[in-house]
Amino acid sequence: MVRSLAVTGWLGLLFAGIVQAQNSSTQLHEWAHAYYEWQAKEYPVFSSDQGLHTWDDRLTDYSQGAVAGRRQHVHDLLEQLRAMKTDGWSKDDQIDLILFRSELERPDFDARVLRSEESNPLVYVHECSNAIFSLLKKEYAPHRDRAIAATARLRAMPGMLAEGQKNLTQPVRLYAQLAIESARSIDPLFTTSLMTLAGDLSAKERSDLEQARDTALKAIHSFADQLESRQEQMPAFQPMGVENYEYFLRHVYLLPIGATQLDMLGQAELARYRGLEALLVNPEMANPNPSRAKIVPQNQEEFLSAYESRLREILQFLKQQNLITIPAYIGPFHIRQLPDAFKPTSPGGFMNPPGVYDRDNSGFYFIPTYSPTSGNFYIRAGIEEPRPILGHEGIPGHFLQISIANHLQDEIRRHHEDGAFVEGWALYTEEMLLRRGFYAAGSAAEGQILRLSRYRAARVGVDVNLHTGRWSFEQAVQYFMEAGGLDRESATGEAAGAASEPTQKMTYITGKFEIMRLLGKYRDRKGEQFSLKQFHDDLLRNGSLPLSVETWILLDDRSDLDVALRE
């Protein structure tokens, strides 16, 4: 009897200690730190991309046991976070818990609903392309070291792809088609770009690299062939449905709106920007036309150099108008050619900021291969007037905002990346520069900004209707062409990107709307003390956070957040 009481007392003390630990903000930050370390090791290609090069010789383990183990780990940690009590916590600690919990909601949702490893072959093709691309894009180590790391990764690709084939029990035809196209465009990345690292290898090391490369390419092509042979048995597309879509909006993005409201927002913004195009003295200025350009670049190198040089004009205007603080640690921003392997789902290219672990403060915007006769919207825009897209991707857009976020002391906020804030900020800056007088009225720049907002508003309708099951893929393409004003090549790529990255395409207009709404409230609160520069600085100093959280921080108003978190 005495022994039983002693055991009971010990268990009670242990339970009390566990509860206390679970309710400690210190424990929250310890769990978060451990998670980021675990994530970096479990996803070595992601780590390389983010500037952590500890595991440059590895690929992600996609064996079924490893996939299941990662899913369980995330789910268990999320359940622990959901059980935490925040009584007595500071506002900052409460915010960090909400942020970390929403961050884990994303992979947990993927495991429960999207099940990407089973449904999306792009997971495995992108693992191959990013495995090499992440070793090439920055000069972080000697060529020989990176070439040897690439050899190890190339050797691992056939086995990884074999695991992928086993995992793909429910592949979606649309994703398979994109993966096939990407796989069959990957060769130049391996045979040309990669080989720029081979100059310092010994004869044996070079032979090993070439053999591993050729074997990997053979496996990638075989992976594409096998997917092609299975296409007829695959469902054309698999939407997540309204309930799941709205769960994602609330619990990952912390947005206080549902699918219907989001669709209405997209329609309203589409009508506004389509109408503003029509109000231009010459509405054709919204459609980029290289024949109007003063100078048409003769080749790829001249195009990229001219594109990059225009950033100086934006920087000068920002400083003259005192619109935003540009910290001294902000590095150079470069324009580069987009590797063909990424073109199927990124027809306009993509921006690559410094990674959260990166010691190199430079950033890149990768734009499609140049052709003076190209029908691609982004190429035409880059020839006639590159500054709107340059500002979006560079400064004051993504490059500046993400660089600032990477320097936060709070680890949870440094790692948090809310897509609606990130894309909303970059889109907001396009129109902010226009309204503050950087671009002339009726100019190609104004027309382009209206068209960019127009087709991003069209993205909202595509995203909502595609993933709730209301539209087919072809309907999405047609909507981009007819409502968004895009050419078929760009429209098809946009629809492909929307399909393969659920909810990403709705972030631009949604985030911009939320920032504009917050700006108006902020100005009313500040009154005569209002400063647009101060608003921008206040907004960016918190990192890439959901706008409902930003509103709580800047205005001490958590009503939007409460609506988002309401079950």
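Put simply, of Asp108, Asp92 the only residue that is acidic (Asp, Glu), surrounded by 14 or more Cβ atoms within 10 Å (Cβ to Cβ) and either more than 30 Å from Asn352 (Cβ to Cβ) or not assigned by TED's automatic domain parsing to the domain that holds Val252 (or both) is Asp108. When you check Tyr329 against the structure, is it hydroxyl-bearing (Ser, Thr, Tyr), touching a Pro at 6+ places or on another chain (Cβ under 8 Å) and not assigned by TED's automatic domain parsing to the domain that holds Leu136, yes or no? So Tyr329 fails the test.
Residues of the range 470-490 that are part of a helix (DSSP H, G or I) and over 23 Å from Tyr245 (Cα atoms): Met481, Glu482, Arg488, Glu489, Ser490.
Do the conditions hold for Glu181, that is, is it charged (D, E, K, R), out of contact with any Ser or Thr (no Cβ under 7 Å at 6 or more places or on another chain) and under 15 Å from Cys128 (Cβ atoms)? So Glu181 fits the description; yes.
Table: residues versus (1) part of a helix (DSSP H, G or I); (2) over 24 Å from Phe364 (Cβ atoms); (3) of a type in the set (Gly, Ala, Ser).
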{"residue": "Glu284", "(1), (2), (3)": "yes, yes, no"}
{"residue": "Gln298", "(1), (2), (3)": "no, no, no"}
{"residue": "Tyr307", "(1), (2), (3)": "yes, no, no"}
{"residue": "Phe317", "(1), (2), (3)": "yes, no, no"}
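Do we have any residue at all in the range 91-102 that's small (Gly, Ala, Ser), touching a His at 6+ places or on another chain (Cβ under 7 Å) and either over 22 Å from Ala179 (Cα atoms) or modelled with pLDDT of 95 or more (or both)? Scanning the range 91-102, I find at least one residue that is small (Gly, Ala, Ser), touching a His at 6+ places or on another chain (Cβ under 7 Å) and either over 22 Å from Ala179 (Cα atoms) or modelled with pLDDT of 95 or more (or both), so the answer is yes. Taken together, Leu209, Leu174 contain a single residue that is over 24 Å from the mean Cα position of the chain (by Cα), crowded, with 17+ Cβ neighbours inside 10 Å, in a helix (DSSP H, G or I) and not charged (D, E, K, R), which is Leu209. Filter the range 87-100 down to residues that are more than 19 Å from the chain's Cα centre (by Cα) and assigned to a helix (DSSP H, G or I) and give me whichever is farthest from His415 (Cα to Cα). Among those residues, the one meeting the criterion is Lys91. Scanning the range 532-567 for residues that are loosely packed, with under 13 Cβ neighbours inside 10 Å, outside any helix (DSSP H, G or I) and acidic (Asp, Glu) yields a count of 2. If we scan the range 436-455, do we find a residue that is within 21 Å of the chain's Cα centre (by Cα) and charged (D, E, K, R)? Checked against the condition, which is being within 21 Å of the chain's Cα centre (by Cα) and charged (D, E, K, R), the range 436-455 yields at least one hit.
Can we say Thr510 is at pLDDT 95 or above and under 30 Å from Asn120 (Cβ atoms)? Answer is yes for this residue.
Residue-wise test of (1) assigned by TED's automatic domain parsing to the domain that holds Gly419; (2) surrounded by 23 or more Cβ atoms within 10 Å (Cβ to Cβ); (3) modelled with pLDDT of 95 or more.
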residue	(1), (2), (3)
Ala458	yes, yes, yes
Asp463	yes, yes, yes
Thr468	yes, no, yes
Gly484	yes, yes, no
Lys521	no, no, yes
Phe530	no, no, yes
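Yes or no, residue by residue, for (1) touching a Leu at 6+ places or on another chain (Cβ under 6 Å); (2) closer than 25 Å to Leu554 by Cβ; (3) touching a residue at least 60 places away in the same chain (Cβ under 8 Å); (4) not aliphatic (A, V, I, L, M):
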residue	(1), (2), (3), (4)
Glu489	no, no, yes, yes
Ala495	no, no, no, no
Thr503	no, yes, yes, yes
Thr507	no, yes, yes, yes
Thr510	no, yes, yes, yes
Met516	no, yes, yes, no
Gly520	no, yes, no, yes
Asp524	no, yes, no, yes
Gln534	no, yes, no, yes
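Residues in the range 212-244 that are within 15 Å of Ala152 (Cβ to Cβ) and surrounded by fewer than 16 Cβ atoms within 10 Å (Cβ to Cβ): Thr215 alone. Would the range 78-101 turn up any residue that is under 30 Å from Thr468 (Cα atoms) and without any contact (Cβ under 8 Å) to a residue 12 or more places away in the chain? Scanning the range 78-101, I find at least one residue that is under 30 Å from Thr468 (Cα atoms) and without any contact (Cβ under 8 Å) to a residue 12 or more places away in the chain, so the answer is yes. Confirm whether Arg456 is out of contact with any Lys or Arg (no Cβ under 6 Å at 6 or more places or on another chain) and either more than 30 Å from Pro368 (Cβ to Cβ) or of a type in the set (Gly, Ala, Ser) (or both). No; evaluated as a whole, the condition is false for this residue. Summed over the range 223-253, the residues that are more than 20 Å from Ala179 (Cα to Cα) and part of a helix (DSSP H, G or I) give a count of 10. Considering the range 214-265, and only residues there that are of a type in the set (Phe, Trp, Tyr) and farther than 30 Å from Ala150 by Cα, the residue that is modelled with the lowest pLDDT turns out to be Phe237.
In summary, Leu323 fulfils each of the numbered conditions (1) at pLDDT 95 or above; (2) closer than 25 Å to Glu423 by Cβ; (3) exposed (fewer than 15 other Cβ atoms within 10 Å of the Cβ) with the single exception of condition (3). Taken over the range 93-110, the criterion of being touching a Pro at 6+ places or on another chain (Cβ under 9 Å) and closer than 17 Å to His75 by Cβ is satisfied by Ser102 alone.
For the range 68-89, filtering for residues that are farther than 19 Å from Ala34 by Cα and buried (at least 17 other Cβ atoms within 10 Å of the Cβ) leaves 1. Applying the set (1) modelled with pLDDT of 90 or more; (2) under 30 Å from Ser134 (Cβ atoms); (3) within 25 Å of the chain's Cα centre (by Cα); (4) buried (at least 18 other Cβ atoms within 10 Å of the Cβ) to Arg359 leaves exactly one unmet item: (4).
The values are calculated or read from the model by the stated rules, or taken from the named source; none is laboratory data. Keep in mind that what you see is a predicted model, and the values were worked out from it rather than measured. Every residue, glycine as well, gets a Cβ built from its backbone with ideal geometry; the counts of neighbours run over all protein chains shown.
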